[in-house]
1. So how many residues does segment A:209-226 have that are assigned to a loop (DSSP other than H, G, I, E, B), surrounded by fewer than 23 Cβ atoms within 10 Å (Cβ to Cβ) and facing chain B (nearest Cβ under 7 Å)?
2. If I filter segment A:193-206 for residues that are surrounded by 17 or more Cβ atoms within 10 Å (Cβ to Cβ), under 30 Å from residue B:158 (Cα atoms) and out of contact with any strand residue (DSSP E or B) (no Cβ under 9 Å at 6 or more places or on another chain), do I get at least one hit?
3. Any idea which of A:245, A:241, A:249, A:269 is modelled with pLDDT of 80 or more, surrounded by fewer than 17 Cβ atoms within 10 Å (Cβ to Cβ), farther than 30 Å from residue A:147 by Cβ and more than 14 Å from chain B (Cβ to nearest Cβ)?
4. Kindly list, by first and then second residue, each pair from a residue in segment B:75-98 that is within 9 Å of chain A (Cβ to nearest Cβ) and on the phi > 0 side of the Ramachandran plot to a residue that is modelled with pLDDT under 90 and surrounded by fewer than 17 Cβ atoms within 10 Å (Cβ to Cβ), limited to pairs with Cβ atoms under 9 Å and residues at least 6 apart or on different chains.
5. Which is facing chain A (nearest Cβ under 10 Å), under 21 Å from residue B:1 (Cβ atoms) and surrounded by fewer than 24 Cβ atoms within 10 Å (Cβ to Cβ), of B:185, B:155?
6. For residue A:77, indicate whether it is at pLDDT below 85, out of contact with any helix residue (DSSP H, G or I) (no Cβ under 8 Å at 6 or more places or on another chain), within 21 Å of residue A:159 (Cα to Cα) and surrounded by 15 or more Cβ atoms within 10 Å (Cβ to Cβ).
7. If residue B:103 satisfies all but one of (1) more than 25 Å from residue B:146 (Cβ to Cβ); (2) facing chain A (nearest Cβ under 10 Å); (3) crowded, with 16+ Cβ neighbours inside 10 Å, what's the number of the condition it fails?
8. Can you go through B:35, B:22 and tell me which one is at pLDDT 90 or above, buried (at least 17 other Cβ atoms within 10 Å of the Cβ), under 11 Å from residue B:211 (Cβ atoms) and over 18 Å from the mean Cα position of the chain (by Cα)?
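The values are calculated or read from the model by the stated rules, or taken from the named source; none is laboratory data. All values reported here derive from a predicted model rather than from experimental measurement. Because the Cβ atoms are built from the backbone with ideal geometry, glycine has one as well, and the counts that use them run over all protein chains shown.
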């Protein structure tokens with residue numbers, strides 16, 4: 001068994017070298033295909049990460065009037081936390097708000113002077129509400145507006161509710177991701193078909209150039225696997241080599257793109273590639289091997305009657 | 001050992017080599033020559049023996065086995081019982097004599113140790129011990145045919161089928177090849193050979209089956225070449 005495997009592998013290698021120039025075309029188109037496969041995978045990650053990033057920035061802020069009582073605020077905080085879908089309610093006190101304000105305007109002398117002129121803290125406390133899902137913000141917002149309506153108009157505690165709507169951005173990004181996935185999938189399909197057809201023809205040519213050997217093999221009673229095996233080995237070799245080349249091209253490209261994606265998308269594509277290298281490597285090589293094997297099995301069963 | 005039972009073969013295009021109701025049998029350790037004009041059906045007969053071609057009617061048996069009922073997956077195992085030699089040698093040009101013979105053993109899944117032992121023996125048997133490492137291009141026609149015979153016998157088949165083995169050879173090489181086939185037969189292997197060569201047949205003095213237009217017209221125990 002092992003001896004057979006060794007012999008099949010060896011004759012696969014020999015066949016690969018004997019048709020080196022033809023093998024190159026199969027490897028080339030397979031490299032392009034695998035490159036698109038891994039490219040789509042990475043762009044998907046990149047867009048997914050920025051979507052998560054934007055979703056993370058969505059929240060509802062409830063600003064209280066400066067005179068609002070701490071107990072009233074706490075009561076509202078408790079009822080908010082009891083709402084389904086609320087992930088977190090963060091309280092910012094009046095003092096903290098002032099410190100934050102000063103920090104934000106530390107280069108704006110005029111504003112700071114105006115603040116000093118007032119003599120007292122004009123800012124109210126606030127609550128920042130975060131939901132589990134972006135879709136849940138609408139109901140939280142509704143709840144807060146109802147609370148505001150029920151207040152005594154003479155003595156309100158809620159100053160305003162600010163729902164920072166990033167829905168439009170989220171929807172746009174989601175549709176971009178969808179479009180990228182679809183385009184990637186179509187490109188991938190076209191290239192996969194091209195890769196299979198070209199590899200199929202390469203193997204067919206390899207079968208043609210070794211037809212004499214095949215006829216001798218049949219005469220001496222070589223098993224079907226012994227005759228077909230070497231061509232499958234060749235197909236697998238195209239896939240593995242193409243996969244390695246695709247990754248070798250990708251590496252410097254990502255080194256170069258990494259910092260740019262980090263600033264633009266807050267997601268360093270290169271660090272993602274490095275930390276998930278084993279997974280990406282397996283996907284690329286696995287796809288290559290599958291493509292090569294499928295095309296060679298097709299060619300062998302079509303052109304190698306044994 | 002081999003039985004042809006009312007075997008007929010018709011080609012739709014009316015090509016030559018058709019067979020008409022052929023019946024004969026071959027006993028173990030026999031040396032049978034099949035003679036006849038081109039297109040008489042000699043090669044078709046041999047092709048049926050190695051299951052390369054199917055009869056339109058009738059059956060071909062190897063011992064109790066109907067050759068054309070063998071499932072595709074089992075054909076290689078069956079073909080290992082038969083060694084084949086052809087007029088055009090069918091040697092692989094990029095392999096040495098040793099490698100050509102070893103190739104047949106490799107394809108049969110034999111171990112490297114067996115190959116190291118048996119290939120030199122087979123080449124020795126066909127008097128090519130000296131040319132083990134020569135490529136086919138460096139060998140004469142007779143020597144090439146002897147490599148082909150070594151390849152055919154190396155797996156110790158029950159039968160050797162030789163289709164015009166001397167067709168491309170000069171008289172001396174022809175003599176050598178026939179002597180080797182005789183030697184193999186004397187060692188106990190059945191040999192079935194097709195030929196055009198009157199001298200070979202007359203010199204052999206073994207069984208001769210004469211074919212004409214797809215029929216067996218003569219079958220002589222110690223025959224001569226009569227056409």
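1. Filtering segment A:209-226 down to residues assigned to a loop (DSSP other than H, G, I, E, B) leaves A:210, A:220-223.
Pick out the ones that are also surrounded by fewer than 23 Cβ atoms within 10 Å (Cβ to Cβ) and you get A:210, A:223.
Checking which are facing chain B (nearest Cβ under 7 Å) leaves us with A:223.
Of the residues in segment A:209-226, 1 are assigned to a loop (DSSP other than H, G, I, E, B), surrounded by fewer than 23 Cβ atoms within 10 Å (Cβ to Cβ) and facing chain B (nearest Cβ under 7 Å).
2. No, the conditions are met nowhere in segment A:193-206.
3. A:249
4. Here the result reads B:90/A:212; B:90/A:215, each pair linking segment B:75-98 to a residue that is modelled with pLDDT under 90 and surrounded by fewer than 17 Cβ atoms within 10 Å (Cβ to Cβ).
5. Criteria check complete, one pass: B:155.
6. yes
7. Unmet for residue B:103, out of (1) more than 25 Å from residue B:146 (Cβ to Cβ); (2) facing chain A (nearest Cβ under 10 Å); (3) crowded, with 16+ Cβ neighbours inside 10 Å: (1).
8. Only one candidate qualifies: B:22.
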